[in-house]
1. Roughly how large, in nm² to one decimal, is the mean projection of the convex hull of the alpha-carbon atoms in segment 61-106?
2. Rounded to the nearest 0.05, what FRET efficiency is calculated for Leu21 and Arg113 with R0 set to 35 Å and r the Cβ-Cβ distance?
3. Between Ile134 and Ser155, what is the spin-label point distance in nm, taking each point 7 Å from the Cα along the Cα→C-beta axis?
4. Using 0.36 nm per residue of separation minus the Cα-Cα distance, give me the extension gain between Lys146 and Asp95 in nm, one decimal.
5. Would you kindly derive the ³J(HN,Hα) couplings of segment 108-116 from the backbone phi angles with the Karplus curve 6.51 cos²θ - 1.76 cosθ + 1.60 (θ = phi - 60°), listing them in order in whole Hz, with x for Gly and Pro?
6. So if I take the alpha carbon set of segment 42-155, get Rg, then get Rh from the Kirkwood formula, what is the Rg over Rh ratio?
7. How much length is gained on full extension from Asp81 to Arg106, taking 0.36 nm per residue of separation minus their Cα-Cα distance?
8. Of the peptides 73-79, 136-142, how do they stack up when ordered by the mean number of other Cβ atoms within 10 Å, highest first?
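What follows is calculated from the coordinates using simple rules that are stated; it is not laboratory data. Bear in mind the structure is a predicted one, so any value in this text is a computation, not a measurement. So basically every Cβ, Gly included, is an ideal-geometry build from the backbone, and we count neighbours across all protein chains shown.
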Amino acid sequence: MRKWLDPFKELELLKKEMDELFRAFEEDFWWDMPSFRFSFLPGVSARSYPLINIAEDKDNLYIEALAPGLNPENIEVSVLDNSLRIAGEKPPVKDIKPEAFHRNERSSGKFLRTISLPVNVDAEKVKAEYKNGILLITLPKAESAKPKQITVSVS
């Protein structure tokens, strides 16, 4: 007599085996696979440098870029149309051989980040300041991007 298999039980078993496989992968091999995404490390593969916050008020956009350990003279900030470009180079740790590291999470080397701005800005008036490892950029909104108050007439 043939034993009938429950397809849902088989699928559940397959799911458990796949979960265990990925759990082992995360625990043992995640540092060798930088393009793999993990739920406990959101956006590992998509993480960009520098990390940024963007805020705005009625007149300006404000960008805070977390960029510790940089020489401000090596940071390039430029605006073209509605894109902001931040580029530079982060120096490597000196006097330590790569094989001596137990863990090396701070990257070094050249970086480039382009950010699409939500409004047009006045590129001639952009200001950038580097203070305590944070790049602060103030981007004045273009007049065409500012809200216009319209008077309502009564007839």
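1. Result: a mean projected hull area of 4.7 nm².
2. Efficiency computed from Cβ-Cβ geometry: 0.50.
3. In this crude label model, Ile134 to Ser155 measures out at 5.2 nm.
4. 13.2 nm
5. 3J(HN,Hα) across segment 108-116, in whole Hz: 9, x, 6, 9, 8, 10, 10, 10, 6.
6. 1.15
7. 5.8 nm
8. Taking the mean over residues of other Cβ atoms within 10 Å, the ranking is 136-142, 73-79.
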